[in-house]
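Everything below concerns the one structure shown next.
What follows draws every value from the coordinates through simple rules; no lab data is involved. Given the structure is predicted, the values throughout are model-derived calculations rather than measurements. Heads up, the Cβs are rebuilt from the backbone with ideal geometry, glycines too, and the neighbour counts pull from every protein chain shown.
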Amino acid sequence: GKMARSTRAVSFYDSKEEAQLQRSVMVENRLREAIANNRLRMNYQPKFDLASGQVSGLEALVRWHDAELGEISPAEFIPIAENTDIIRDLTDWVLAAVCHQYSEWRQQGVAEGVTVAVNLSADDLLRPNFLQWLRALLDHTGMPASALILEITEGSLIDNVELAAEHIREAKALGLSVHIDDFGTGYSSLSQLHRLPLDALKVDRSFVHEIGTRSTGEMVTTAIISLAKSLRLSVVAEGIETEDQLAELRKLGCDSVQGFLLSRPLEAGLVASLLGQRL
Ligand code: C2E
Ligand code: MG
Ligand code: MG
Ligand code: MG
């Protein structure tokens with residue numbers, strides 16, 4: 001009867017929730033271990049400058065293959081890391097890996113003029129001493145600050161705009177660049193934007209995906225590009241998958257582009273041979 005059905009529904013719901021919780025506890029524990037044992041790796045996705053057609057930079061994306069769980073997406077484990085203290089160790093690991101990789105590329109003679117963008121989580125930039133630590137890491141590895149871009153999401157700015165602004169200014173003073181990632185998906189106040197010494201806005205791929213569909217996403221893309229221009233910021237578009245999207249972004253005056261159409265994220269070894277390649 002009615003009773004039995006609702007009881008079943010409740011217990012089904014409970015066991016699904018329980019499975020999710022178990023999975024996230026397992027991911028949390030194994031991720032902690034993976035970082036401690038140096039078992040993460042980095043991939044690098046090229047960004048292309050539309051004017052020159054050349055690779056203008058790379059975005060560093062963390063990868064994790066667990067012996068038992070298999071390949072786990074950052075879309076799953078980054079939020080778990082962010083809900084715990086793990087994110088600090090993860091960010092520090094990523095930055096150290098990137099700086100060491102850059103100095104290797106430099107020794108191979110392929111790093112000239114190349115920038116590497118690292119994704120920061122909302123709290124990273126607000127950590128006291130984070131930028132001093134980063135400065136020391138750059139000195140130690142010989143990576144010039146001008147080659148490193150910090151990608152932060154709008155979410156990092158909303159809780160404490162004043163403090164975020166202060167840390168962004170500090171990062172800029174060190175010679176780093178700062179880009180706002182997934183722009184358009186957050187809630188950053190447009191009126192605050194001009195007060196931040198930013199270098200670029202990155203149009204979220206959900207908008208790029210809608211180019212050519214006469215939908216709101218296409219209008220948002222157009223609006224973000226013109227906003228960036230009026231603020232004198234560069235604009236990067238992510239998630240380009242079709243020639244039509246590429247052509248439209250070129251027409252709109254986008255500065256650089258990134259996406260599966262141009263290149264997937266690559267292992268460090270493959271990047272070395274790609275640097276200098278033309279679009
Ligand atoms: P994101 O920073 O916006 O990075 C772009 C994501 O879109 C990457 O997914 C990339 O592989 C994917 N992508 C690139 N081009 C295309 C395309 O043409 N089509 C589609 N469908 N996807 C494309 P990934 O590597 O799975 O990373 C997901 C998110 O996880 C990143 O989004 C970023 O927010 C976060 N993340 C990745 N690596 C790190 C890291 O080292 N630290 C932190 N804090 N977050 C990271
Ligand atoms: Mg990013
Ligand atoms: Mg992005
Ligand atoms: Mg994104």
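Quick look at the numbers
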read-out	value
Cα-based reach from Lys202 at 28 Å (exclusive), listing lysines while leaving out same-chain residues under 8 positions away	Lys47, Lys172, Lys229, Lys251
Note, ³J(HN,Hα) from phi for segment 43-59, Karplus 6.51, -1.76, 1.60, rounded to Hz, x at Gly and Pro	10, 10, 9, x, 10, 10, 7, 5, 5, 9, x, 9, 5, 9, x, 10, 10
Check: segment 52-111 dipole with +1 on Lys, Arg Cβ and -1 on Asp, Glu Cβ, in debye	380
Residue of Thr185, Thr216, Thr242 that the Gaussian network model of the chain assigns the largest fluctuation, springs spanning Cα pairs under 10 Å	Thr216
Charge dipole magnitude, Cβ of K and R +1, D and E -1 - the chain, Cα centre, debye nearest 20	320
Measure of compaction for segment 1-136 (Cα Rg per 2.2 N^0.38 Å)	1.43
Choice from Pro265, Pro197, Pro79 with maximal GNM fluctuation in the chain (Cα, 10 Å cutoff)	Pro79
Selected from Ile86, Trp64, Gln107, residue furthest toward positive end of dipole (segment 43-137; charges at beta carbon)	Gln107
Gyration tensor verdict on segment 128-279 (Cα atoms; rounded if a/c is under 1.5, prolate if a/b is larger than b/c, oblate otherwise)	oblate
Given charges at beta-carbon only (K, R positive; D, E negative), |dipole| of segment 120-173 in Debye	240
Kyte-Doolittle mean at least -0.5, axial Cα span of 30 Å or more - DSSP H helices of the chain	86-107
Of Lys202, Lys251, Lys16, the one that fluctuates the most in a GNM where the chain has Cα springs shorter than 10 Å	Lys16
Which of Ser263, Leu125, Ala36, positive extreme of dipole for the chain (C-beta unit charges)	Ser263
Expected-Rg normalisation [2.2 N^0.38 Å, Cα atoms] applied to segment 197-265	1.01
Highest average packing first - 222-229, 88-95, Cβ atoms within 10 Å	88-95, 222-229
Segment 177-244: chymotrypsin sites (Phe, Trp or Tyr not before Pro) in DSSP coil with no more than 14 other Cβ atoms inside 10 Å	Tyr187
The chain: calculated mean residue ellipticity at 222 nm from DSSP helix runs of at least 4, using -39500 (n - 2.57)	-15000 deg cm²/dmol
Most positive-pole-ward Cα, Val208, Tyr187, Leu163, against dipole of the chain from beta carbon charges	Val208
As computed over the chain, the Cα convex hull volume per residue (Å³)	169
Distance between segment 45-122 and segment 193-223 - C-alpha centres, whole angstrom	23
Other-chain or far-sequence residues with amide H under 5 Å of Gly259's (modelled H)	Gly239, Ile240
